[in-house]
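*Asks:* One structure follows; several queries about it will come next.
The values are calculated or read from the model by the stated rules, or taken from the named source; none is laboratory data. What you are looking at is a predicted structure, and each value in this text was computed from that prediction instead of being measured. FYI the Cβ positions are ideal-geometry reconstructions off the backbone, even for glycines, and counts take in every protein chain you see.
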Amino acid sequence: MARALYIHWPFCAKKCPYCDFNSHVRDGVDVAAWEAALIADLRAEAAVAGGMALTSIFFGGGTPSLMPPALVAALLTEAERLWGFVPEIEITLEANPSSVEAGNFAALASAGINRVSLGVQSLDDAELRFLGRLHGAKEALAALDTAQQHFKRVSFDLIYALPGHTPELWHDRLTRELSFGTGHL
Ligand code: SF4
């Protein structure tokens, strides 16, 4: 039987207008307090659901690519101590495709992340502005490239059925975007 762990990081640089996730914008985050709380939570979960090695871990949010890599490493160390990992464990982190976050990819890979899911949403700058996103299309493509250099598995998300989308437009975009060589779209 598979056993998976989900870790939520509820902070974002900006709240997107369409988002109803548990995500919040804060001027500063007390990382030490969050580390202590998340580790206490891991221990509580392991006490009621321990005894089986983890097959996958998913860092979701919010924007977990804003987590300090040292915090990610500390949580993974504790999770491995509590449950153990199967050899081929998949450890995913959701990331926004900004240059700041792409700058963290090498350190996140060293911390143990082996799969990244990028919130690209669109490769059209006007659509990205409409969606209230902080990144542009060029920045997203650069982040995708950086991610593919550092992680074994990379996927990215797109939002469809925006105003002006037609089946033909969507077909053309998917044809292009499927050619980027990611494992999942
Ligand atoms: S970055 Fe993601 S989680 Fe954060 S507000 Fe935007 S859609 Fe929501």
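*Asks:* Test residue 36 against the criterion of being among the small types (Gly, Ala, Ser), more than 16 Å from the ligand (Cβ to nearest atom) and under 20 Å from the mean Cα position of the chain (by Cα), and give yes or no. Steps first, please.
*Replies:* Details: among the small types (Gly, Ala, Ser): yes; more than 16 Å from the ligand (Cβ to nearest atom): yes; under 20 Å from the mean Cα position of the chain (by Cα): no.
Against the criterion (among the small types (Gly, Ala, Ser), more than 16 Å from the ligand (Cβ to nearest atom) and under 20 Å from the mean Cα position of the chain (by Cα)), residue 36 does not qualify.
*Asks:* If you don't mind, there's one more thing I want to ask. Return the only residue of 93, 42, 76, 66 being buried (at least 17 other Cβ atoms within 10 Å of the Cβ), more than 30 Å from residue 133 (Cα to Cα), of a type outside the set (Ser, Thr, Tyr) and in contact with a strand residue (DSSP E or B) (Cβ under 9 Å, 6 or more places away or on another chain).
*Replies:* 42
*Asks:* Okay, moving on. Filter region 1-19 down to the residues that are more than 8 Å from the ligand (Cβ to nearest atom) and more than 18 Å from residue 71 (Cβ to Cβ), then identify the one that is modelled with the lowest pLDDT.
*Replies:* In this case the residue turns out to be 1.
*Asks:* State whether the residues of region 52-75 include one that is over 26 Å from residue 13 (Cβ atoms) and not hydrophobic (A, V, I, L, M, F, W, C).
*Replies:* yes
*Asks:* Here are the criteria: (1) surrounded by 23 or more Cβ atoms within 10 Å (Cβ to Cβ); (2) farther than 12 Å from residue 151 by Cα. Tell me which single one residue 116 does not satisfy.
*Replies:* So residue 116 meets the others, but not (2).
*Asks:* Right, another one. Within region 53-62, is even one residue more than 15 Å from the ligand (Cβ to nearest atom) and farther than 30 Å from residue 178 by Cα?
*Replies:* yes
Matching residues to (1) within 13 Å of the ligand (Cβ to nearest atom); (2) touching a Cys at 6+ places or on another chain (Cβ under 8 Å); (3) at pLDDT 95 or above; (4) at positive phi:
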position	(1), (2), (3), (4)
68	no, no, yes, no
71	no, no, yes, no
84	no, no, yes, yes
91	no, no, yes, no
94	yes, no, yes, no
99	no, no, no, no
103	no, no, no, no
111	no, no, yes, no
163	no, no, no, no
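*Asks:* Considering only region 144-181, state which residues are among the hydrophobic types (A, V, I, L, M, F, W, C) and assigned to a loop (DSSP other than H, G, I, E, B).
*Replies:* Taking region 144-181 as the starting set, the residues that turn out to be among the hydrophobic types (A, V, I, L, M, F, W, C) are 144, 147, 151, 154, 156, 158-159, 161-162, 169-170, 174, 178, 180.
Result: 151, 159, 161, 162.
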